[in-house]
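Trainee: There's a structure below that I have some questions on.
The values are calculated or read from the model by the stated rules, or taken from the named source; none is laboratory data. Not measured: the values here are computed from a predicted model. Note that each Cβ is placed from the backbone with ideal geometry, even for glycine, and that neighbours are counted across all protein chains shown.
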Amino acid sequence: MKLRAKPAGVPLAWLQLTWQKSTLLAALAGISFAVILMLMQLGFEDSLFTSASTLHSVLRADLVVIGQQYEFLIHPKSFTERRLYQALAVPGVDSVDVLYLGQAPFKNPVNGRERRIFVIGFEPRSGVLNLPAVEQNIPRLREPDVALFDSRSRPEFGPIPQLLRQGSVTTEVSGRTVEIAGAFELGASFGSDGNLITSDLNFLRLVPGRQRGLVSLGLIRLKAGENAAQMRVAVQQLLPEDVSVLTLPQFMDLEKRYWGTETPIGYVFTLGVLMGLIVGCVIVYQILYSDISDHLAEYATLKAIGYRNRYLFSVVLEEALILSVMGFVPGLLIAQLLYAVTRRATMLPLHMTLGRIVTVYLLTAGMCAVSGVLAMRKLRLADPAEIF
């Protein structure tokens with residue numbers, strides 16, 4: 001290839017990249033794939049943590065009491081309700097509530113298929129959950145065999161939200177006829193496909209093997225002005241060692257830590273991001289290395305007329321950064337589309353955030369820059385005396 005004259009104002013790096021259009025398109029496709037992979041993996045990881053702590057975020061509590069063997073929300077270990085009454089003896093504690101958590105088979109009212117749903121039970125009174133739709137239906141929840149359905153549950157449970165527009169819906173939960181009196185919005189998670197809220201008495205009828213007085217969570221509200229961290233210590237000192245007392249942020253962190261470190265899911269998502277970086281690095285390195293090899297004579301000519309290695313290195317780095325920008329934009333657009341498709345299919349809280357966009361671009365730019373630095377080693381061979 002002959003050395004082209006550089007038009008005024010056009011960077012040499014741009015000319016090098018656009019000289020072979022097919023090679024440039026292949027590089028951009030590879031970088032876009034790496035960007036999509038990183039954005040999807042980080043999005044899944046974020047939706048994992050967000051969905052895992054969705055119920056936590058609507059609890060009206062300053063402190064949460066859990067069993068000593070508690071692992072995660074879907075399968076909590078029960079403890080005696082008496083521990084909450086003992087907590088009322090601590091000065092500064094205002095009130096307590098209990099939550100029953102479990103799973104039960106829910107029959108799709110349209111096709112009759114059963115699927116396990118996450119059931120939340122509590123004494124039907126105001127101030128337990130920060131869900132307006134639940135607050136409005138407190139009187140209905142006091143009735144036998146009445147429940148509320150999460151409208152953001154997966155569609156396999158049936159078109160419950162659509163049917164509710166025509167009136168209440170009757171179906172079966174654990175083989176028992178239940179009236180769905182209304183809907184609320186909470187959302188599915190990696191541990192549950194849908195949610196059902198009912199009273200504590202109805203919960204005990206619907207979830208086999210559960211006993212009254214053995215609760216899943218205890219919610220403690222403090223009097224105005226009390227410090228949650230200090231009160232946590234005071235309540236924990238009073239209660240026996242078979243329960244643990246956490247602040248609400250600590251309870252949320254416990255759930256996220258379980259899914260992030262004690263299950264394979266968090267590891268898989270982190271590995272996916274790493275694989276995206278490796279794939280992108282290999283592709284960009286191959287493109288830049290081939291470009292340098294194909295233009296080694298031209299680089300040697302530039303050296304012969306006085307250009308130093310520093311300038312040539314800057315050209316390669318410019319190519320790498322141009323590739324990072326051009327490959328990132330289509331990758332971002334495709335990832336946005338995949339987010340929307342996945343969100344509709346799984347009902348998971350999968351949303352693109354500005355912080356994630358910035359993080360992935362910085363990773364992409366770093367990936368391209370590292371590949372450029374590795375490819376620069378070839379430039380040291382551009383010796384005019386040997387080439388000519």
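Trainee: Being touching a strand residue (DSSP E or B) at 6+ places or on another chain (Cβ under 6 Å), outside the structural domain of V134 (by TED's automatic domain parsing) and surrounded by fewer than 22 Cβ atoms within 10 Å (Cβ to Cβ): is that true of V64 here?
Mentor: Considered against the rule, which asks whether it is touching a strand residue (DSSP E or B) at 6+ places or on another chain (Cβ under 6 Å), outside the structural domain of V134 (by TED's automatic domain parsing) and surrounded by fewer than 22 Cβ atoms within 10 Å (Cβ to Cβ), V64 comes out as no.
Trainee: Would you pick out the residues in region 318-345 that are farther than 30 Å from S47 by Cα and touching a residue at least 60 places away in the same chain (Cβ under 8 Å)?
Mentor: Residues satisfying the conditions are E318, E319, I322.
Trainee: Quick one: is S22 surrounded by fewer than 18 Cβ atoms within 10 Å (Cβ to Cβ), at pLDDT below 90, among the polar types (S, T, N, Q) and not in a loop (DSSP other than H, G, I, E, B)?
Mentor: yes
Every residue, every condition in (1) under 30 Å from the mean Cα position of the chain (by Cα); (2) under 15 Å from R377 (Cβ atoms); (3) assigned by TED's automatic domain parsing to the domain that holds T359, yes or no:
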| site | (1), (2), (3) |
| --- | --- |
| M275 | yes, no, yes |
| V282 | yes, no, yes |
| Q286 | no, yes, yes |
| S290 | no, yes, yes |
| E318 | no, no, yes |
| L321 | yes, no, yes |
| G327 | yes, no, yes |
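Trainee: Only one of I117, I36 is in the same structural domain as Y311 (by TED's automatic domain parsing) and under 32 Å from the mean Cα position of the chain (by Cα). Can you tell me which?
Mentor: I36
Trainee: Still on this structure, I have one more. Hey, any hits in region 141-156 for a residue that's free of Cβ contacts under 8 Å to residues at least 40 places away in the same chain, of a type in the set (S, T, N, Q) and part of a helix (DSSP H, G or I)?
Mentor: no
Trainee: If I go through region 234-265 residue by residue, how many of them are over 29 Å from D46 (Cβ atoms) and in contact (Cβ under 8 Å) with a residue 12 or more places away in the chain?
Mentor: Residues in region 234-265 being over 29 Å from D46 (Cβ atoms) and in contact (Cβ under 8 Å) with a residue 12 or more places away in the chain: 8 in total.
Trainee: Looking at region 39-82, which of its residues are farther than 14 Å from M252 by Cβ, among the hydrophobic types (A, V, I, L, M, F, W, C) and assigned to a strand (DSSP E or B)?
Mentor: Hits for region 39-82 are V65, F79.
Trainee: Could you check L204 against (1) more than 19 Å from R116 (Cβ to Cβ); (2) in contact with a Lys or Arg (Cβ under 7 Å, 6 or more places away or on another chain) and say which number it fails?
Mentor: The number of the failed condition is (1).
Trainee: Quick check: anything in region 346-363 small (G, A, S), in the same structural domain as E45 (by TED's automatic domain parsing), crowded, with 18+ Cβ neighbours inside 10 Å and under 15 Å from the mean Cα position of the chain (by Cα)?
Mentor: no
Trainee: From F203, F184, F190, grab the single residue that is within 25 Å of A87 (Cβ to Cβ) and among the aromatic types (F, W, Y).
Mentor: F203
Listed here are the residues, each with its yes/no results for (1) over 22 Å from S53 (Cα atoms); (2) surrounded by 18 or more Cβ atoms within 10 Å (Cβ to Cβ); (3) of a type outside the set (D, E).
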position: F118; (1), (2), (3): no, yes, yes
position: E123; (1), (2), (3): no, no, no
position: V134; (1), (2), (3): no, yes, yes
position: P144; (1), (2), (3): yes, no, yes
position: L148; (1), (2), (3): no, yes, yes
position: S151; (1), (2), (3): no, yes, yes
position: G158; (1), (2), (3): yes, yes, yes
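Trainee: Would you mind listing the helices (runs of 4 or more DSSP H) fully within region 207-322 where at least 1 residues are surrounded by fewer than 17 Cβ atoms within 10 Å (Cβ to Cβ), small (G, A, S) and out of contact with any Phe, Trp or Tyr (no Cβ under 7 Å at 6 or more places or on another chain)?
Mentor: The helices (runs of 4 or more DSSP H) meeting that bar are 228-238, 264-294, 296-304.
Trainee: Take the residues in region 83-115 that are free of Cβ contacts under 8 Å to residues at least 60 places away in the same chain and not in a loop (DSSP other than H, G, I, E, B), then tell me which one is nearest to L222 (Cα to Cα).
Mentor: Result: Y85.
Trainee: Checking E179 against (1) over 25 Å from P76 (Cα atoms); (2) among the acidic types (D, E); (3) in contact (Cβ under 8 Å) with a residue 60 or more places away in the chain, only one condition comes out false. Which one?
Mentor: Of everything listed in (1) over 25 Å from P76 (Cα atoms); (2) among the acidic types (D, E); (3) in contact (Cβ under 8 Å) with a residue 60 or more places away in the chain, E179 misses just condition (3).
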